[in-house]
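A.B. asks: Below is one structure. I have some questions about it.
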Amino acid sequence: MKSLILGIETSCDETAAAVVDNRSRILSNVISSQIETHSQFGGIVPELASRYHLENITPVVQNALRTAGITIHDIDAIAVTIGPGLIGALLVGLSTAKSISYSLGKPIIGINHLEGHIFSVFLKQPPPSFPLVALIVSGGHTDLYLVRGIEDIETLGRTRDDAAGECFDKAARIMGLGYPGGPVINQLASRGNPGKIKFPRPMLSNHSCDFSFSGLKTSLKTYLASNPLDSEADGNSSIHDVSASFQEALVDVLVSKTLLAAKKNNVKSVVVAGGVACNTRLRERLCEECEKTGMDVYIPENIFCTDNAAMIALAGHGYRDRGLTSREKGFFALDANANLKIEDMYA
Ligand code: KG4
Ligand code: ZN
């Protein structure tokens, strides 16, 4: 029987709502981005994010229902992100979901944002099969997970300091390129020489699945102090070469650690999601390396790599389909948690 879930996502700077059916068909996927607001401050301002979510959430939900050609009464459940993320931002989405649940008597399912990113690969056909290794790589996270199935996810490693997206954003700020930095550096790098500058590959030589990116950002700063950027003048560094070399170091680490995690756990399917998964060099290198080693790689299209509510709705279906109604808590029992871990969901 057909069932529809309304997904709501407000963990960071995207106000998003989507309607997805139980065959993974996306009836609508509405995203209102606040990037222009935050870019003038060089990063996300949490208080501003909450205020804009508050302004946007009702029109975004209405738009998602209208685009799907349904009314709020047609939905069977609401899936909402409860963490991790900015607490004020999360509370806007959760309060909205709770209001709909309470007033219409619809079940509500709390979803971990990172589970949402893992589920985003199941929006694409053919979907991967379990077990798989998932690299979730965004502005706030760089995590490796072993996913054996729904509600069976183990953390293999994570960054000990900056997330990869944060490292791209900080590097762009150092080079005066604005926010968010990842897409700009990606674009500049396409015209540069990735082998020109030997930036360090942090933690590459050890066998852990953890990451560390703060040293890479410092080495960029140190390099630029003695080799100032100027694409025009002879003898100075080209912004294209610096971007390409910096990106290559970061991508090298992400690819190597992901393959290490897959090999260590004897897994043949690799999944990558989160905003940094939009990076063209990361996608290219992962495909190349996985082909060499006989692994299958699954990366969603860009719109589902960055924050969206379709992935949250789909994760909601995952739990409903398997009868895991433990997730369908009464609306009083659900709370937002800025530091929510995947393991917290199964406690
Ligand atoms: O998943 P996301 O939309 O939001 C978070 O949950 O953080 O990811 C945003 C991050 C930003 O740090 C941005 O610079 C990075 O993803 N990003 C990229 C690219 N597109 C977005 N990083 C590298 N290359 C890209 N093409
Ligand atoms: Zn995210």
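A.B. asks: Among the aspartates and glutamates, which fall within straight-line cross-link reach of LYS98, defined as a Cα-Cα distance under 16 Å, with same-chain neighbours fewer than 8 residues apart omitted?
C.D. replies: GLU9, ASP76, GLU328, ASP335
A.B. asks: May I ask for the net charge around LEU224, where only other residues with Cβ less than 15 Å from the Cβ of LEU224 are counted and Lys, Arg are +1 while Asp, Glu are -1? Walk me through the intermediate numbers first.
C.D. replies: Details: positive: LYS170, ARG173, LYS196, LYS198, LYS217, LYS221; negative: ASP230, ASP241.
Within the 15 Å Cβ shell, the charges total +4.
A.B. asks: Follow-up. Select from CYS290, CYS278, CYS12 the residue whose mean-square fluctuation is largest in a Gaussian network model of the chain (Cα-Cα springs shorter than 10 Å).
C.D. replies: CYS290
A.B. asks: Given R₀ = 30 Å, FRET efficiency for GLU55-ARG158 by Cβ-Cβ distance, to 0.05? Walk me through the numbers on the way to the answer.
C.D. replies: On the way: r = 33 Å, r/R0 = 1.11.
Using R0 = 30 Å, I get an efficiency of 0.35.
A.B. asks: Rounded to the nearest 500, what is the chain's calculated 222 nm mean residue ellipticity when only DSSP H runs of at least 4 contribute -39500 (n - 2.57) each, over all residues? Display every interim value, and only then the final one.
C.D. replies: Working: 11 runs with 142 residues, N = 347.
So the calculated ellipticity at 222 nm is -13000 deg cm²/dmol.
A.B. asks: Separate question: Rounded to the nearest 20 Debye, what is the dipole magnitude of region 186-273 about its Cα centre when Lys and Arg each give +1 and Asp and Glu each give -1 at the C-beta?
C.D. replies: Using only the charged Cβ atoms, the result is roughly 540 debye.
A.B. asks: Give the separation of the Cα centroids, region 105-166 to region 68-84, in Å.
C.D. replies: 20
A.B. asks: How big is region 116-266 in terms of Cα radius of gyration and Dmax, in angstroms?
C.D. replies: Cα only, region 116-266: 17.0, 57 Å (Rg, Dmax).
A.B. asks: Please check which bits of region 120-146 a label hung off CYS287 would reach, taking the label as a point 7 Å along Cα-to-C-beta and the cut-off as backbone N under 11 Å.
C.D. replies: No residues fall inside that zone.
A.B. asks: So, one more: In Å, what Kirkwood hydrodynamic radius results for region 75-175 from the alpha-carbon pair distances?
C.D. replies: 15.7
A.B. asks: Over all distinct alpha-carbon pairs, what is the Kirkwood Rh of region 224-284 in angstrom?
C.D. replies: 13.8
A.B. asks: Sticking with this one: Using the Kirkwood radius built from alpha carbon pairs, what does the Stokes-Einstein equation give as D for region 1-145 at 37 °C and 0.692 mPa s, in µm² per second?
C.D. replies: Here the translational diffusion coefficient equals 207 µm²/s.
A.B. asks: Using only the Cα atoms of region 1-77, build the gyration tensor, take square roots of its eigenvalues as a ≥ b ≥ c, and label the shape rounded, prolate or oblate: rounded if a/c is under 1.5, else prolate if a/b is larger than b/c, else oblate.
C.D. replies: Prolate.
A.B. asks: Next up: Which value, in debye to the nearest 20, describes the size of the charge dipole of the chain about its Cα centre when Lys and Arg Cβ atoms bear +1, Asp and Glu Cβ atoms bear -1, and nothing else is charged?
C.D. replies: Magnitude of the dipole: close to 520 debye.
A.B. asks: A follow-up question, please. Just need the relative contact order of region 53-129 here, percent rounded to a whole number, with Cα pairs under 8 Å and 6+ apart.
C.D. replies: Worked out over region 53-129, it gives 31 percent.
A.B. asks: Give me the percent of DSSP beta bridges within the chain that run antiparallel, rounded to the nearest 5.
C.D. replies: Working: 25 of 44 bridges.
Approximately 55 percent, going by the DSSP bridge assignments.
A.B. asks: Which of the pairs LYS170/LYS263; LYS198/LYS264; LYS217/LYS264; LYS268/LYS292; LYS196/LYS264; LYS2/LYS106 have their Cα atoms more than 23 Å apart in this structure?
C.D. replies: Over 23 Å Cα-Cα: LYS170/LYS263; LYS198/LYS264; LYS217/LYS264; LYS196/LYS264.
A.B. asks: Sticking to Cα atoms, compute the Rg of the chain to one decimal and its Dmax as the biggest Cα-Cα distance, whole number, in Å.
C.D. replies: Cα-based Rg and Dmax for the chain come out at 20.4, 69 Å.
Rule-based calculations on the coordinates, nothing more; no lab input. Keep in mind the model is a prediction, meaning the values are calculated, not measured. Cβ atoms come from the backbone with ideal geometry, glycine included; neighbour counts cover every protein chain shown.
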